[in-house]
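What follows is a single structure, written as structure tokens, with notes after it.
Taken together, the values in this text are just the output of simple stated rules run on the coordinates, not laboratory data. Not measured: the values here are computed from a predicted model. When we count neighbours, we look across all protein chains shown, and the Cβ atoms used for this are built from the backbone with ideal geometry, even at glycine.
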Amino acid sequence: MASVFVNKKVDLTSDAATTLYTVPSATTAIIKSILVSDDSGSGSSISISITDTNSAVFSIVFQRDIAPDVLAGPVDILTNPLVAESGEIIKVTATNANRLHVILSALEVTPRNVTT
């Protein structure tokens, strides 16, 4: 098996749902952290969901308050690793535009190619 560490970043410039990460084909992702920080000094809230390959949407967190970084620093949304399967999509939605930054860190695991 091949394993690669990746991170994905997004500046939420709108209050629309934004794709943060899509698990590549033939890959399982072990998501270690989803860090959210407020760079506006005003605070906001965030919703994060995962969409499976059948287009079913599951909430990871709904309208979680994020304090301004000057008060608290970044918030790690996950308390335990999250396993995501090939084709699943992590989306993030801010309550207010131009306030939040999100960083996802994951380990992508792909099957080993065997040649004879």
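Sorted into 5 angstrom bins from 0, the C-alpha pair distances of segment 2-110 split as 2, 13, 24, 25, 18, 11, 5, 2, 0 percent.
Taking segment 78-108, which GluC sites (Glu not before Pro) meet the DSSP loop condition and have no more than 12 other C-beta atoms within 10 Å? For GluC sites (Glu not before Pro) across segment 78-108 that sit outside H, G, I, E and B with at most 12 neighbouring Cβ atoms in 10 Å, the list reads Glu85.
Largest mean-square fluctuation among Ala16, Ala72, Ala97, in a Gaussian network model of the chain whose springs join Cα atoms under 10 Å apart, belongs to Ala72. So the label point goes 7 Å from the Cα of Val57 along Cα→C-beta, right? Which residues of segment 16-43 then have their backbone N under 13 Å from it? Counting only backbone N, you get 16-19.
Of the trypsin sites (Lys or Arg not before Pro) found in segment 19-116, those that fall in a DSSP loop while having at most 10 other beta-carbon atoms within 10 Å are Arg112.
If R0 is 22 Å, what FRET efficiency do you get for Ala67 and Ser47 from their C-beta distance, rounded to 0.05?
Details: r = 16 Å, r/R0 = 0.75.
After rounding to 0.05, the efficiency reads 0.85.
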